[in-house]
Amino acid sequence: MTEHTLRSVSVERTSTGHFTATNARGGTIGFGTGSDPGDTDFTPVELLLAAIGGCTAVDVDVATSRHAEPTGFAVTVTGNKISDELGNRMTDLVVTFSVAFPDGEPGDRARAILPRAVKSSHDRLCTVSRTVEIGTPVTARAADA
């Protein structure tokens, strides 16, 4: 792999059950366990769902907004968190688009390509969902303490 293919984030513990992820450009996002009452931080599972939805949303937005600016654009990602003989995991992941375009020829073109854009993102473009579906192995290790 080359320097151009490598992506990374670092995660630091900020307090019990709370963490901050930082990307190479300095952007940050907080997350946690979601176990504290009133805690609104995303959990890692919710971040996974957001990553799947966000990745495919970007693909679909690029393809459709060339024709018309959407008047509404929402993506919902659902799945079931289970624990079985394979361990904790998500099943039945579903990405649902709810997109509206203005009346007229540009909006009609955007509406016409929406299903193809969603399929193209799912089948080959969205790195996040492709990685999940293909089942890329993850290596976990502890650095020398």
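The values are calculated or read from the model by the stated rules, or taken from the named source; none is laboratory data. These numbers come from a predicted model, not from an experiment. Cβ placement follows ideal geometry from the backbone for every residue including glycine, while neighbour counts extend to all protein chains displayed. Accessible surface areas use protein heavy atoms only, side chains included; no ligands, DNA or RNA. Shrake-Rupley method; radii C 1.70, N 1.55, O 1.52, S 1.80 Å.
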Looking at 144, 103 in this structure, which one is at pLDDT below 95, open to solvent by 70 Å² or more (accessible area, probe 1.4 Å) and not in a strand (DSSP E or B)? 144
Would you confirm whether or not region 33-44 contains a residue that is in contact with a His (Cβ under 7 Å, 6 or more places away or on another chain) and part of a loop (DSSP other than H, G, I, E, B)? yes
Could you grab me the full set of residues in region 29-55 that are farther than 25 Å from residue 94 by Cβ and modelled with pLDDT under 95? 35, 36, 37, 38, 39
Given the condition exposed (fewer than 14 other Cβ atoms within 10 Å of the Cβ), in contact (Cβ under 8 Å) with a residue 12 or more places away in the chain and under 17 Å from residue 46 (Cβ atoms), answer yes or no: does some residue in region 116-137 qualify? no
Any idea which residue in region 95-109 is farthest from residue 70 (Cα to Cα), counting only those that are touching a strand residue (DSSP E or B) at 6+ places or on another chain (Cβ under 8 Å) and not aromatic (Phe, Trp, Tyr)? 95
Out of 75, 11, sole residue that is under 18 Å from the mean Cα position of the chain (by Cα) and crowded, with 16+ Cβ neighbours inside 10 Å: 75
Is there a residue in region 95-109 that is touching an Asp or Glu at 6+ places or on another chain (Cβ under 7 Å) and either under 27 Å from residue 32 (Cα atoms) or not acidic (Asp, Glu) (or both)? no
Whether any residue in region 48-56 is among the hydroxyl-bearing types (Ser, Thr, Tyr) and either part of a helix (DSSP H, G or I) or under 25 Å from residue 9 (Cα atoms) (or both) is what I want to check. yes
In region 55-72, how many are in contact with a strand residue (DSSP E or B) (Cβ under 8 Å, 6 or more places away or on another chain) and open to solvent by less than 70 Å² (accessible area, probe 1.4 Å)? 7
Determine whether residue 31 is of a type in the set (Phe, Trp, Tyr), closer than 30 Å to residue 12 by Cα and open to solvent by 70 Å² or more (accessible area, probe 1.4 Å). no
Restricting region 64-78 to residues that are without any contact (Cβ under 8 Å) to a residue 40 or more places away in the chain, outside any loop (DSSP other than H, G, I, E, B) and polar (S, T, N, Q), which is farthest from residue 100 (Cα to Cα)? 78
Looking at 124, 116, 89 in this structure, which one is in contact with a strand residue (DSSP E or B) (Cβ under 7 Å, 6 or more places away or on another chain), basic (Lys, Arg) and either within 24 Å of residue 30 (Cβ to Cβ) or modelled with pLDDT of 95 or more (or both)? 89
